[in-house]
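Comments concern the structure below.
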Amino acid sequence: YTFITGSLTLLVIVLSSKLIKKIPPLFIGIIFGCIFYYVLVKLGYNQFITPVIGQVHTDIPKPEYLSRFLFLFTDLETISLLLELLPIAVGISIILILQTLLASLTADSLLEKRSNTNRELIGQGFANIMSSLFGGICNSGLMGPTLINHGNGGRTFLSRIISGLFVFI
C-alpha cells in the first residue's frame, strides 16, 4: 500500500504538470498523496502502510543541545575527536557556502539585481548555529527552490519569506 500511494502520487505529479499550469505539480502531488494516505487509514488499511516520517512532535523545541555542546569541550577524549572531525566540518561548510553563493547568483541573474552575499552568508551561519541548538541540521540556499519560486511568479521579498515559512513548517 505504501508503494501504491507513492506510485499514484508520482503519477499525479506527472499528469498535473501537463494539465495544470498555475499550481506547482509537486504541491498537487503532495496534497493528493496525503489525502490518499488518510483515506486508506480511514478504510482500515493502516497496518499495511509503512509510516514515512513517524510521529511528528507538536511541542515547541527548546535549545537543550547547548548544554550538551558545551560538555564536549570539557572531555579531553572528545576534544581529540572534534579535532579529527574539524576538516570534515570545514568541508561541509565550504560546500554549503558555495551552494548559497550559486543560488544567490542565480537569483541575481533572474531578477537582474545584485544581492549582498556577505549578508546572505552571515545569515546562513547564524541560522545554522541556532538550528543546531534545537537539534536541527545545517542547510544552505539552493538553486532548485530559487528557480521554482521564480518560475511560479515569486519576484518579491514576500515570496522568499513565504517559501521560508513553508520550509519551517
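The values are calculated or read from the model by the stated rules, or taken from the named source; none is laboratory data. No experiment lies behind these values; they were computed from the predicted model shown. In this analysis, Cβ positions are derived from the backbone assuming ideal geometry, glycine residues included, and neighbour counts consider all displayed protein chains. Heavy atoms of the whole protein, side chains included, go into the accessibility calculation; ligands, DNA and RNA do not. Shrake-Rupley method; radii C 1.70, N 1.55, O 1.52, S 1.80 Å.
Here are a few things to note about the model shown:
- Test result for VAL39, part of a loop (DSSP other than H, G, I, E, B) and of a type in the set (A, V, I, L, M, F, W, C): no
- Verdict on ILE122 being open to solvent by less than 80 Å² (accessible area, probe 1.4 Å) and among the hydrophobic types (A, V, I, L, M, F, W, C): no
- If you filter region 66-96 down to residues that are open to solvent by 80 Å² or more (accessible area, probe 1.4 Å) and either touching a Phe, Trp or Tyr at 6+ places or on another chain (Cβ under 8 Å) or acidic (Asp, Glu) (or both), you find that the one that is nearest to MET130 (Cα to Cα) is GLU84.
- Residue in region 152-168 that is in contact with a Leu (Cβ under 9 Å, 6 or more places away or on another chain), on the phi < 0 side of the Ramachandran plot, surrounded by 13 or more Cβ atoms within 10 Å (Cβ to Cβ) and in a helix (DSSP H, G or I) present: no
- Odd one out for TYR38 among (1) open to solvent by 100 Å² or more (accessible area, probe 1.4 Å); (2) in contact (Cβ under 8 Å) with a residue 12 or more places away in the chain; (3) over 30 Å from LEU133 (Cα atoms): (2)
- In region 62-80, the condition of being of a type in the set (A, V, I, L, M), part of a helix (DSSP H, G or I) and closer than 26 Å to GLY144 by Cα is met by no residue.
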